[in-house]
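For reference, the structure discussed in these notes is given below.
The values are calculated or read from the model by the stated rules, or taken from the named source; none is laboratory data. Predicted model, so just to flag it, every value in this text is computed and none were measured. Reconstructed Cβ throughout: ideal geometry from the backbone, glycine too, with neighbour counts over all protein chains shown. Just the protein is used for accessible areas: all its heavy atoms, side chains included, with ligands, DNA and RNA removed. Shrake-Rupley method; radii C 1.70, N 1.55, O 1.52, S 1.80 Å.
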Amino acid sequence: MKVPLLDLKKQYKEFKNEVSGKVYRVMAAQDFILGKAVAELEKNIAGYCHTRYAIGVASGTDALILSLKAIGVGRGDEVITTPFTFVATAEAIALVGARPVFVDIDPRTYNINPFLIEQKISRRTKAILPVHLYGLCADMGMILAIAKKYGLKVVEDAAQAIGSECKGHRAGSMGNSGGLSFFPSKNLGAFGDGGMVVTDNAKIYRMVSSLRMHGSTKRYYHNVIGYNSRLDNLQAAILNVKLRYLNRWIDARIKNAEFFNKRLEGLPLTTPFVPKGYRHSYHLYILSCAEKEEIEKYLIRSGIETRTYYPVPLHMQKCFKYLGYKRGAFPEAERASRHTFSIPVYPELTDREKKFIIGTIRRFFE
């Protein structure tokens, strides 16, 4: 049996006819740039994320860049974030001219450890950029309290966490703004790149809306130097259809994760930890094991696709060598990069496929 890490073809069959009609209507209207579908999606995403505003942009990376620009982060500033995440998080900080300052992770959640943040705050610190990794929200209660104490802004990297919750609050709605990604593999994925900034702040809304359009609010009049970062109207039409399925897909991911958690008990590996009051959307289902490389090879040979996410923490990446960090600077992030791997958790997994995955893992340890 072959079980891919993600099977978007299965998902596509569920809404194929519906989405085709939406796409054809956009093409018939020749309405491609910031059209009706984008406006509709922005309204729908704001409602879904429990924010006043949502602004469609070209990618999740741009959502972070424009959010940072909108809160005034620039050259000479520092932004505190995690070294255990996709490169786009720290890349966005660097691209607005600021310096990423890393803080080690909580070994249970893999998110930034809030107890270590204060010691990294300096007079140059402008913001904190927590990542809701794998679909589990960071400890926003502590992070927001620290931000308030020191007068800092908070931008949430919710690229992997649409629909996730922290004590009743949706990912992206708790900080000054949040960045979403609609990369095809995300829980709410487009048929190409796309992203969204969500916020309750009218000033951030106006600034991001201008920045995505070359710094313009009126055609051919440019108040600031901006970007060409607009969500494609065709992608918005597709996402409006898929958004209606999102809660059901997340519920299925949670059900699959609970299936795995129960049946992997007692084995020498660590299943995902979910704090009380949190809703994990399981963009990824991550296991941790001292024999990570061996079990991954065994699963792949058996037909089960796995992947190591972030095998090299950001402080050890060549592009961030200039920051001056050395191996050992963030031991928990480095340990996670050596021991963690993912297995399939997508909503369309059959009972037979799930049992095959569990049986294969158990056979490895036997």
Legend entry - Residue list for the stretch 88-106, filter: β-branched (Val, Ile, Thr) and farther than 17 Å from Gly178 by Cα: Val101, Val103, Ile105
Inset, instruction - With respect to Arg108, determine if the residue is surrounded by fewer than 20 Cβ atoms within 10 Å (Cβ to Cβ) and in contact with a Phe, Trp or Tyr (Cβ under 7 Å, 6 or more places away or on another chain). - result: yes
Legend entry - Boolean, Tyr227 is of a type in the set (Ser, Thr, Tyr) and surrounded by fewer than 19 Cβ atoms within 10 Å (Cβ to Cβ): yes
Inset, instruction - For the stretch 292-331, name all the residues that are within 17 Å of Gly359 (Cα to Cα) and outside any helix (DSSP H, G or I). - result: Ser302, Gly303, Ile304, Glu305, Thr306
Inset, instruction - Kindly check whether there is at least one residue in the stretch 125-134 that is part of a helix (DSSP H, G or I) and not polar (S, T, N, Q). - result: yes
Inset, instruction - Go through (1) in contact (Cβ under 8 Å) with a residue 40 or more places away in the chain; (2) open to solvent by 50 Å² or more (accessible area, probe 1.4 Å); (3) of a type outside the set (Phe, Trp, Tyr); (4) closer than 24 Å to Asp7 by Cβ one by one and return the number of the condition Arg335 breaks. - result: (4)
Inset, instruction - Considering only residues that are open to solvent by 70 Å² or more (accessible area, probe 1.4 Å) and of a type in the set (D, E, K, R), look in the stretch 231-272 and name the one that is nearest to Ala336 (Cα to Cα). - result: Glu265
Inset, instruction - Pull up the stretch 305-332, narrow it to residues that are aliphatic (A, V, I, L, M) and open to solvent by 20 Å² or more (accessible area, probe 1.4 Å), then point me to the one that is nearest to Lys186 (Cα to Cα). - result: Val312
Inset, instruction - Only residues that are out of contact with any helix residue (DSSP H, G or I) (no Cβ under 9 Å at 6 or more places or on another chain) and either at positive phi or in a helix (DSSP H, G or I) (or both): list them for the stretch 22-59, please. - result: Tyr24, Ala28, Gln30, Lys43, Ala46, Gly47, Cys49, His50
Inset, instruction - Starting from residues that are open to solvent by 50 Å² or more (accessible area, probe 1.4 Å) and assigned to a helix (DSSP H, G or I), keep the ones in the stretch 340-353 and report whichever is farthest from Ala252 (Cα to Cα). - result: Arg352
Legend entry - Those residues of the stretch 61-94 which are farther than 26 Å from Leu116 by Cα and either open to solvent by 10 Å² or more (accessible area, probe 1.4 Å) or in contact with a Pro (Cβ under 7 Å, 6 or more places away or on another chain) (or both), in sequence order: Asp62, Ala70
Inset, instruction - Return the residue satisfying two criteria in turn: it lies in the stretch 20-60 and is hydrophobic (A, V, I, L, M, F, W, C) and more than 24 Å from the chain's Cα centre (by Cα), and of such residues it is surrounded by the most Cβ atoms within 10 Å (Cβ to Cβ). - result: Val26
